[in-house]
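Worksheet: one structure, shown below.
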Amino acid sequence: MTVITHARRTSRLAKMIDSAGGMAVGVALTRARENIARLHGQGLEEVARHIGELAALQQPTTPEAKDESLRRIYQSANHIIDAAGPFGLDDICAVASSLCDMVDRAAAEHSFDWRILQVHIQSLQLLNTLPAEAVRQREAVTTQLSAMVAKKFGQAG
Amino acid sequence: MSTVGEALRDTAIINLTGAVTMVVDDSAFSAEITTSALLGFGIRTRHSCRSAPEAMQILAETEIDLLVIDCEMPGMDGFEMVQWLRRSGPPNAFVPVIMTAAHIRRSMVNRARNCGANYIVTKPFSASSLLERIVWVARDNRPFLEVGEYFGPDRRFREGQAPGEERRSDRLRLAQFEAEKAATAAAVAAGNAP
């Protein structure tokens, strides 16, 4: 196979980054973290909104509707990770990621168990209402979900 | 070049103030998170787009210094857009590209590898990991390769030994050449040269 190599080049960004001026990395990181922290409230609202959208989904009756539902589930789960991730809501991210895996698997296997979606949504709703201090209860939610997923796909496999 | 994952020193000075940056993400909130982090680094995002076609219109005419784009978007996704970008010619075909992904479908792993981005960051990302990647892609001076449908930075960017058995053809050829050279030199030294 023909390989065309374009010579190494220095990007404008590379020249810029070492030019005079700028700021210390420590200062840049502190400012970035402060900027992100200001969006905390908005992030929680986004998470709640997307969980609400998932909960409102109806089980589809046609193959076309099923494909569209799976696309929307995947998109909402992605947006939950986007919104929850920066604020340390790791357990919510993990459940949303598990949901993405389920949809991905469904696309490959042409089947989707809607009960799994319901369990994920209930887990997300529960995690979203439990206080951050309820560490044990939060752990129990994710552990039970993981066990259920493992059992389900253990049987299927 | 700093290695991937290498922490930046807090006292190191960086200047990203003039970087013309584009963020492409279908989620307005996710784009806001990214632009807020970039602002902390001194980067005022010039273009924040909600879709690939919107971004492509700008990229066809305006030179940028950094593109941060989400993989998963309705319609044309991030992978497809980066592939287009690499083949788009001046002014932006070689621009540093960081892709962000909340989740990568198994079926998309090859597309992620083959789209031509400099780096893919999985979410949730922290401010420090994003800055590390920006510094890394800024200093990423790998040559660009056109191989079949691929157009992007040379993907063989790991230095040093392969984790298992060496399978890289260029390294195998080099090792064979070195072995033959050493054998010839040994033969000459022993007076057995042909």
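Mind checking which residues of region B:33-70 are within 10 Å of chain A (Cβ to nearest Cβ), of a type outside the set (A, V, I, L, M), surrounded by fewer than 21 Cβ atoms within 10 Å (Cβ to Cβ) and within 25 Å of A:GLU46 (Cβ to Cβ)?
Residues of region B:33-70 that are within 10 Å of chain A (Cβ to nearest Cβ), as a first pass: B:33-43, B:63-66, B:70.
Add one more test, that the residue is of a type outside the set (A, V, I, L, M), and what stays is B:34-36, B:40-42, B:63, B:65, B:70.
From what is left, the residues that are surrounded by fewer than 21 Cβ atoms within 10 Å (Cβ to Cβ) are B:35, B:42, B:63.
B:THR35 - this is the single residue of region B:33-70 that is within 10 Å of chain A (Cβ to nearest Cβ), of a type outside the set (A, V, I, L, M), surrounded by fewer than 21 Cβ atoms within 10 Å (Cβ to Cβ) and within 25 Å of A:GLU46 (Cβ to Cβ).
So that you can scan it fast, the table gives a plain yes or no per residue for (1) among the aliphatic types (A, V, I, L, M); (2) facing chain B (nearest Cβ under 9 Å):
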{"position": "A:ALA32", "(1), (2)": "yes, yes"}
{"position": "A:LEU44", "(1), (2)": "yes, no"}
{"position": "A:GLU53", "(1), (2)": "no, no"}
{"position": "A:GLU68", "(1), (2)": "no, no"}
{"position": "A:ARG72", "(1), (2)": "no, no"}
- prompt: Applying the selection to region B:83-119, what residues are modelled with pLDDT under 90, crowded, with 18+ Cβ neighbours inside 10 Å and among the β-branched types (Val, Ile, Thr)?
  reply: B:ILE104
- request: Look through region B:94-129, keep the residues that are more than 9 Å from every other protein chain (Cβ to nearest Cβ) and free of Cβ contacts under 8 Å to residues at least 12 places away in the same chain, and return whichever of them is nearest to B:GLU32 (Cα to Cα).
  value: B:SER129
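This table checks each residue for (1) in a helix (DSSP H, G or I); (2) closer than 21 Å to B:ARG156 by Cα; (3) among the hydroxyl-bearing types (Ser, Thr, Tyr).
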{"position": "B:THR11", "(1), (2), (3)": "no, no, yes"}
{"position": "B:SER30", "(1), (2), (3)": "yes, no, yes"}
{"position": "B:ILE33", "(1), (2), (3)": "yes, no, no"}
{"position": "B:LEU38", "(1), (2), (3)": "yes, no, no"}
{"position": "B:THR45", "(1), (2), (3)": "no, no, yes"}
{"position": "B:ILE64", "(1), (2), (3)": "no, no, no"}
{"position": "B:ASN92", "(1), (2), (3)": "no, no, no"}
{"position": "B:ASN110", "(1), (2), (3)": "yes, yes, no"}
{"position": "B:ARG113", "(1), (2), (3)": "yes, yes, no"}
- line: Over region B:18-28, the set of residues over 21 Å from the mean Cα position of the chain (by Cα) and either surrounded by fewer than 15 Cβ atoms within 10 Å (Cβ to Cβ) or part of a strand (DSSP E or B) (or both) is B:ALA28
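Just to be sure before I move on: is B:MET81 part of a helix (DSSP H, G or I) and either more than 29 Å from B:ASN15 (Cβ to Cβ) or away from chain A (no Cβ under 11 Å) (or both) in the structure I sent? Working first, answer last.
On the way: part of a helix (DSSP H, G or I): yes; either more than 29 Å from B:ASN15 (Cβ to Cβ) or away from chain A (no Cβ under 11 Å) (or both): yes.
Yes.
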task: For region B:51-60, indicate whether the set of residues that are over 19 Å from the mean Cα position of the chain (by Cα) and at pLDDT below 95 is non-empty.
output: yes
query: Can you tell me which residues in region B:120-154 are at pLDDT 90 or above and of a type in the set (Lys, Arg)?
result: B:ARG133
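Okay, residues lined up against (1) aliphatic (A, V, I, L, M); (2) touching an Asp or Glu at 6+ places or on another chain (Cβ under 9 Å):
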| site | (1), (2) |
| --- | --- |
| A:ILE51 | yes, no |
| A:ALA56 | yes, no |
| A:THR61 | no, no |
| A:GLU68 | no, no |
| A:ALA77 | yes, no |
| A:SER97 | no, no |
| A:VAL103 | yes, no |
| A:ALA107 | yes, yes |
| A:LEU124 | yes, no |
- request: Residue by residue through region A:32-79, note down the ones that are out of contact with any Phe, Trp or Tyr (no Cβ under 9 Å at 6 or more places or on another chain) and hydroxyl-bearing (Ser, Thr, Tyr).
  value: A:THR61, A:THR62, A:TYR74, A:SER76
field: When residues of region B:130-152 are limited to those that are more than 7 Å from chain A (Cβ to nearest Cβ) and hydrophobic (A, V, I, L, M, F, W, C), the one farthest from B:GLY40 (Cα to Cα)
entry: B:PHE151
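Restricting to region B:121-148, count the residues that are outside any helix (DSSP H, G or I), under 21 Å from A:ALA84 (Cα atoms) and touching a helix residue (DSSP H, G or I) at 6+ places or on another chain (Cβ under 6 Å). Quick ask: steps written out before the conclusion?
First, the residues of region B:121-148 that are outside any helix (DSSP H, G or I): B:121-126, B:139-148.
Among the residues that remain, those that are also under 21 Å from A:ALA84 (Cα atoms) are: B:121-126.
Narrowing the set further to residues that are touching a helix residue (DSSP H, G or I) at 6+ places or on another chain (Cβ under 6 Å) leaves B:121, B:123-124.
Looking only at that region, the number is 3.
For the structure I just gave you, tell me whether A:LEU99 is modelled with pLDDT of 90 or more and touching a helix residue (DSSP H, G or I) at 6+ places or on another chain (Cβ under 6 Å).
Details: modelled with pLDDT of 90 or more: yes; touching a helix residue (DSSP H, G or I) at 6+ places or on another chain (Cβ under 6 Å): yes.
Here the answer is yes, as A:LEU99 does meet what is asked.
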message: Report every pair of residues separated by at least 6 positions or lying on different chains whose Cβ atoms are under 7 Å apart, first residue within region B:19-34 and without any contact (Cβ under 8 Å) to a residue 40 or more places away in the chain, second among the β-branched types (Val, Ile, Thr).
response: B:ALA31/B:VAL23; B:ILE33/A:ILE36
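The values are calculated or read from the model by the stated rules, or taken from the named source; none is laboratory data. Note that the coordinates shown come from a computational prediction; the quantities given were computed from them, not determined experimentally. All Cβ positions, glycine included, derive from the backbone under ideal geometry; neighbour counts span all protein chains shown.
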